[in-house]
Every structure is written in C-alpha cells, then in structure tokens.
1. What are the residues in the range 409-446 that are surrounded by fewer than 16 Cβ atoms within 10 Å (Cβ to Cβ) and within 15 Å of Met157 (Cβ to Cβ), if any?
2. Looking at this structure, is Ala148 of a type outside the set (Asp, Glu) and in a helix (DSSP H, G or I)?
3. Looking only at the range 306-330, how many residues end up being assigned to a helix (DSSP H, G or I) and in contact (Cβ under 8 Å) with a residue 40 or more places away in the chain?
4. Of all the residues that make up the range 194-205, how many are out of contact with any Leu (no Cβ under 8 Å at 6 or more places or on another chain), away from the ligand (no atom under 16 Å from the Cβ) and either free of Cβ contacts under 8 Å to residues at least 40 places away in the same chain or not hydroxyl-bearing (Ser, Thr, Tyr) (or both)?
5. Which of (1) within 13 Å of the ligand (Cβ to nearest atom); (2) surrounded by 16 or more Cβ atoms within 10 Å (Cβ to Cβ) does Ser305 not meet, given it meets every other one?
6. When both residues are 6+ apart or on different chains and their Cβ atoms are under 6 Å apart, which pairs have a first residue that lies in the range 331-349 and is part of a helix (DSSP H, G or I), and a second that is of a type in the set (Val, Ile, Thr) and within 16 Å of the ligand (Cβ to nearest atom)?
7. Taking only pairs six or more apart or across chains, which ones have beta-carbon atoms under 6 Å, a first residue in the range 59-76 that is without any contact (Cβ under 8 Å) to a residue 12 or more places away in the chain, and a second residue that is of a type outside the set (Val, Ile, Thr)?
8. Are any residues in the range 93-127 in a loop (DSSP other than H, G, I, E, B) and near the ligand (Cβ under 10 Å from one of its atoms), and if so, which ones?
Amino acid sequence: MTKPRAPKPSRALWSGRFASGPADSLREVGDSLRFDRRLVRHDLRASAAHAAMLGARRIIPAKDAKALVAELRRMDAEIEAGKLRVEGPDEDVHSWIERTLTERLGDAGRRVHTARSRNDQVATAFRLWVRDEAVQFVATDIPALQRALVQQADAVMGVVVPAYTHLQRGQPVLLSHQLLAYVEMLARDAERMIRVMDACSVLPLGSGAATGVPYPIDRAAVARSLACDVSRNSMDSVSDRDFAVEYLAALSLLQAHLSRLAEDVCLWASSEWRLLELGDEVSTGSSIMPQKRNPDGAELTRGKSGRVFGHLAAMLTTLKGLPMTYNRDLQEDKEAVFDATDTVRSCVLVMADTVARSRFREESAGALLARGHLLATELADHLVRGGLPFRDAHEAVGALVRELDGRGKDLSEMDERSLARIDPRFRGCAAALDPKTAVDRRAHAGGTATKQVASELRRWKRELSAQAGASGA
Ligand code: ARG
C-alpha cells in the first residue's frame, strides 16, 4: 500500500514576501479547503457581485469585470452540475476560487481581489451560507417535524393520558395537547432562525482587511445584489462572529427541544408506558436479545445534544479574548457551525420520521390513567366549588390519598358513594372522577379541553398548509 500524500503546496495568495512556503505542520493546522469548500457557491456569488461592482465603478477594466462575472457564474453552474470539484493544494476556498479563475482567464483572474481582503470575503460568504441554512430550517426541516406532530395529534385526538410533573403522574391531559406543545416549541425555534437570517443579512464586503479600501466602491450596489444591508463599521464587520453565535444558540435550543421530544419518545416506547409502537423503519433490534425494538433515532438525537451545545461554547470561547480585528482564530468558526448544522438537521429529520412512522396505542392510555390518583386535584377543586378554601380542600384530599394508599387503592377505583363514606364533603363529586370531564373543564386559552385543543389543531393545520403552499413544499 502506498501512503496517501498531501497535495503539493500551491503558491499562497500571499507568497510574495516569503522565500519558502509554510511548514507541513502549519499547513496541517491552517489549511481549511477540506472543510471551507462548503462555502464555495456563496463565495462565488459574493465574488460575482464584487467583480460586477468593480467594473461598474471602473476600478478594473469593464471587459475584465464582465469576464470575471461570467466565469464565476460558470464555475457555480459547473459545481452545481458536479462537473467542477473544489479540490487542490490551495490553502482555502478563497485561494481555490482565485487560482481557478486565473487558470481560466489569465490576468482578469488576478484582478478579482482588487479592493477586498479575505477577511471581508470570508465574513461575507459565511454569513450568506448561514443565512441559507437558516432558511432551510425555517422553510423545510422544522415544518416537516411540525407536520408529523400535527398529524399524530390529529390521529390521537380525544385520547387522555397522564400529564407528568417530576416524572410523576399528575393530571389527565389530551395526548394531542402534549404533541402540540412540541409544535409550539418548534415554532419559536423557527422564529429564532428568522432573526438569525436578519443578523446574517449585513454585508461586510468593502471592509477590506479591517479599515475599508481606498477605491470608489459601491457597497450599496453589492449589498443590494446579495439582499443585505451595508455593515456600518469595517473593524466590527471583519472580526465579529456574533451572527454565528446566534445561529449556534438557535440550533442549540432547537436541539434541546428535539432532545426533550426524543426523551418522551423513549418513554412512550418503553415497556413501562407501551404507548408508542415504533415503526420498523425507525427502530432497531438487538444483536443478542431477539425481541428488542429500540428507539435509536431518538436516543441518538438526545445523545448528540452535547456536541451541538459544545459548538456554541466553543464559538463563544473563540471570540472572547480576540483583540481587534481579524485573527486567524476566527477560522475555527466554520467547523463548529458546519457540524452543528449537519447534526441538528439530521436529528430534525430522524425525529420527523420517528413521529410520522410510529403509532400510538390508544388502548394503553387507560392503564396509564389507572394509577397515580390523577383526579386528586379535581376532587379538591370540587370542594372549592362547594365553598371550601383551596388549602383546606387540598388537605382533605391529601388525607384521602393517604388513606387510599394505606388500603392499596387508587382514586380511579373509587366512586362517589365510597368517597362520601370516607368524608361526607365528597358527596356530589361524581363529575370530578371522570378524566374526560377534567380535561374538558380546562376550556380557556392554552388549556387542554377538547374544544380548545381541536381549535389549536385546526390553526396549526391551516398555518402549516399555508406555509407549505408558500414555500412550494
Ligand atoms: N480561511 C480564513 C478564515 O476562514 C480566511 C481568511 C484568511 N485571512 C487571513 N488574513 N489569513 O478565516
């Protein structure tokens, strides 16, 4: 076997003042083409906007600008078609673009870097990249999971399960209400992503290395063609990555929500709950225990959270001690953001599949309601309706629960008459002993009453289908 060899170094963009190239160790730690090639299409777009502006302002010959714009677009199309691959000995994607342009165009290619620096170039391409990923989360990925949840909420409408606090059975709730809780969380995740899109829509290009450039550039024109506003301070715009922090924070919260849903899926699918039957496509078996059906997609989603949150902490750490302005430390922004993006996206999609391709066993819901004195609060509220102060009612029902526990009974096994024998104040409490009634009494906004949840379900169906129409999904 022959040992794989690193590509021969090409001349760096900055090689003029050096007699020799960088040591292998420096290239190893510094070269970024293997990962920043993911920015290539955004950099090509920004470079074309920049070149067009250089021509329009006669900063470079108009015919060179024309050739540059045409070639940058051609490269973009070739990459899209899989005909051009971003590879070679170049230090980074920006060097690759300039080398490729120069090989194709000669001197015109050597003019593309007029009035810009890699510092404003990379800050621009990276913002545009993050913006497009945020768009995909908002328009496609998050709604896919929301749709799966809404579909299940629809399918199990009317099924009553315990709502838990402290992982102890608390009160009856519609399972649909719980599923829609996740739809709400995801809606806020999408809103956060929209704010990230705004943070990314600020153009650093024109900031040069740090102080601006001594040419009559037209930043507004470049910004317009990239759908951005012009950044207001060159030092700030080449050196901050707060947009990346905001994006990683948005991804982290999204991942935290996915992870909570994943935990619920694991519980529901467990032999203890038996509430969710995982579809074959979204469960795995055991190599030794033939009967197993495991929720691996959900577990991996939960397990990958640390890695996403870690990228947020890493990005903040990279930024915290940086002197103004650009420092090479900033190159660490990309792998964090790329990996967090890929990880969260794959988790959203696997959770969407897991929810969509599993089935809730309605027949298990009854067993879940049978233990945990789920209607104790209802009974207390019944006493309150009879005029007792809530604290006294709480104590009365607390004493009852203690008594039932002593007899090994659950409140769900009791009827009005047997309760009235224990404490006459429970007379007339029959309605308080019905889980469905308990659910339907919570008919205010945000409550779990059937009417209320049905109306929320209709609203979400409307919103998601309007959005699918708008985004062509
Ligand atoms: N690869 C670099 C990065 O991602 C590009 C900017 C390099 N600028 C410089 N002055 N070395 O940050």
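The values are calculated or read from the model by the stated rules, or taken from the named source; none is laboratory data. Here the structure is a predicted model, which means the values were calculated and not measured. Neighbour counts run over all protein chains shown; Cβ positions are idealised from the backbone, glycine included.
1. Passing the criteria: only Lys436.
2. Here the answer is yes, as Ala148 does meet what is asked.
3. Summing the residues that are assigned to a helix (DSSP H, G or I) and in contact (Cβ under 8 Å) with a residue 40 or more places away in the chain in the range 306-330 gives 10.
4. Here the count works out to 7.
5. (1)
6. Sorted first by the residue in the range 331-349, then by its partner, the pairs are Glu332/Thr318.
7. Listed by first residue and then by second, the contacts come to Ala62/Gly55.
8. The answer is Ser117, and nothing else.
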